[in-house]
Amino acid sequence: MAIIFHKKEENYWVYGIGAGVIEAVYCFFIASLLMLANGLFAKSPTILSFLLLLLIMVFSVAVSGLLIFGYPMYLALRRNYQEAIFTVLVSIATLIIIGLLVIIIKIIF
């Protein structure tokens, strides 16, 4: 397991950016899934449709937490606190940049 997470110092940028991009792709996937399931939720909202929506959201939060905080948590457990914080900040900055790009594209088109 440690071999998977073995990174050199210069790879903290790469992991942070990669985690941000993968998280944005995952959010796109979940948004697409919810758009496709819109007919299921809109026809007759029942307790099962709300349950399904909540289960999707809980699963999504778990996956997102693993993507953004998994490797930084590993670093923090190894007492590499600066690298862990740096990796999280790069991931969040990547998500902000992608979010701004989506807003700009939405305004233009």
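Things to note:
- Pairwise FRET efficiency - Leu55 versus Leu101, Cβ, R0 = 25 Å, nearest 0.05: 0.25
- Note on Leu33 and Arg78: the extension gain reaches 12.5 nm, defined as 0.36 nm multiplied by sequence separation minus the Cα-Cα distance.
- Loop sites in region 49-109: trypsin sites (Lys or Arg not before Pro), DSSP, at most 12 other Cβ within 10 Å: Arg78, Arg79
- For the chain, a simple Cβ point-charge model (Lys and Arg +1, Asp and Glu -1, everything else neutral) yields a dipole of about 140 debye relative to the Cα centre.
- The overall shape of the chain is oblate: from the C-alpha gyration tensor, with semi-axes ordered a ≥ b ≥ c, the ratio a/c is 1.5 or greater and a/b is no larger than b/c.
- Between Leu48 and Ala62, the modelled labels are 2.2 nm apart [label points 7 Å from Cα along Cα→Cβ].
Each value in this text was obtained by applying a stated rule to the coordinates, not by laboratory testing. All values reported here derive from a predicted model rather than from experimental measurement. With ideal geometry, Cβ positions are generated from the backbone for all residues, glycine too; neighbour counts draw on all protein chains shown.
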